[in-house]
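The values are calculated or read from the model by the stated rules, or taken from the named source; none is laboratory data. All values derive from a computational prediction rather than experimental measurement. Cβ sites come from the backbone with ideal geometry, for glycine too, and all protein chains shown count toward neighbours.
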């Protein structure tokens with residue numbers, strides 16, 4: 001269930017922790033496994049991570065369900081993680097999320113018809129000064145407007 005390549009990547013993270021503390025790499029292991037499996041996790045994948053890191057499955061599930069960067073159902077090729085916490089909300093994030101939903105003809109938490117994009121509301125991405133903002137992959141997009149969103153969507157195609 002976990003590829004040999006993914007195991008190598010996980011092992012690199014495990015090696016950063018003291019002997020017997022490999023479970024400390026659980027977040028990175030989940031990220032690696034999620035990325036390798038189309039961007040989402042299921043119970044079998046979480047169990048595989050638990051088995052590989054020799055930790056209780058419930059501990060892996062607690063991490064995977066607590067943090068918003070893990071997806072538990074299929075997602076689009078690109079996941080737009082849109083902050084809707086107070087700083088972003090006061091600067092118009094809710095209106096921009098509605099704009100995205102209308103433009104993509106998709107509701108938050110769903111995948112666009114072409115499978116390209118999912119929109120996900122998250123509580124905070126830690127870039128309050130740049131609100132409204134979103135994250136796509138490893139890249140932050142700050143001070144968003146409808147024009148900036150249009151350009152970002154065009155670049156994703």
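Among the residues of segment 27-37, are any in a loop (DSSP other than H, G, I, E, B) and closer than 15 Å to residue 69 by Cα? Before you say what the answer is, go through the steps one by one.
Looking only at segment 27-37, we keep the residues that are in a loop (DSSP other than H, G, I, E, B), and these are 37.
Restricting the remaining residues to those that are closer than 15 Å to residue 69 by Cα gives 37.
The answer is yes; a qualifying residue exists.
For (1) surrounded by fewer than 18 Cβ atoms within 10 Å (Cβ to Cβ); (2) in the same structural domain as residue 119 (by TED's automatic domain parsing); (3) touching a helix residue (DSSP H, G or I) at 6+ places or on another chain (Cβ under 8 Å), each residue gets a yes or a no:
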residue	(1), (2), (3)
12	yes, no, no
18	yes, no, no
29	no, no, yes
35	yes, no, no
38	yes, no, no
44	yes, no, no
49	no, no, yes
56	yes, no, yes
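Of the residues 123, 95, which single one is free of Cβ contacts under 8 Å to residues at least 12 places away in the same chain and loosely packed, with under 14 Cβ neighbours inside 10 Å?
Working: 123 fails: free of Cβ contacts under 8 Å to residues at least 12 places away in the same chain.
Just one listed residue meets the conditions, 95.
Among (1) touching a residue at least 40 places away in the same chain (Cβ under 8 Å); (2) closer than 26 Å to residue 155 by Cα; (3) surrounded by 14 or more Cβ atoms within 10 Å (Cβ to Cβ), which single condition is residue 68 missing?
Here residue 68 meets the rest and fails (3).
Count, please, the residues in segment 55-71 that happen to be over 22 Å from residue 100 (Cα atoms), part of a loop (DSSP other than H, G, I, E, B) and at pLDDT below 95.
Looking only at segment 55-71, we keep the residues that are over 22 Å from residue 100 (Cα atoms), and these are 55-67.
After this cut, where a residue has to be part of a loop (DSSP other than H, G, I, E, B) as well, the list is 55-56, 67.
Adding the requirement that they be at pLDDT below 95 leaves 67.
Result for segment 55-71: 1.
In this structure, does residue 30 turn out to be at pLDDT 95 or above, within 22 Å of residue 138 (Cα to Cα) and under 12 Å from the mean Cα position of the chain (by Cα)?
Numbers: at pLDDT 95 or above: yes; within 22 Å of residue 138 (Cα to Cα): yes; under 12 Å from the mean Cα position of the chain (by Cα): yes.
So residue 30 fits the description; yes.
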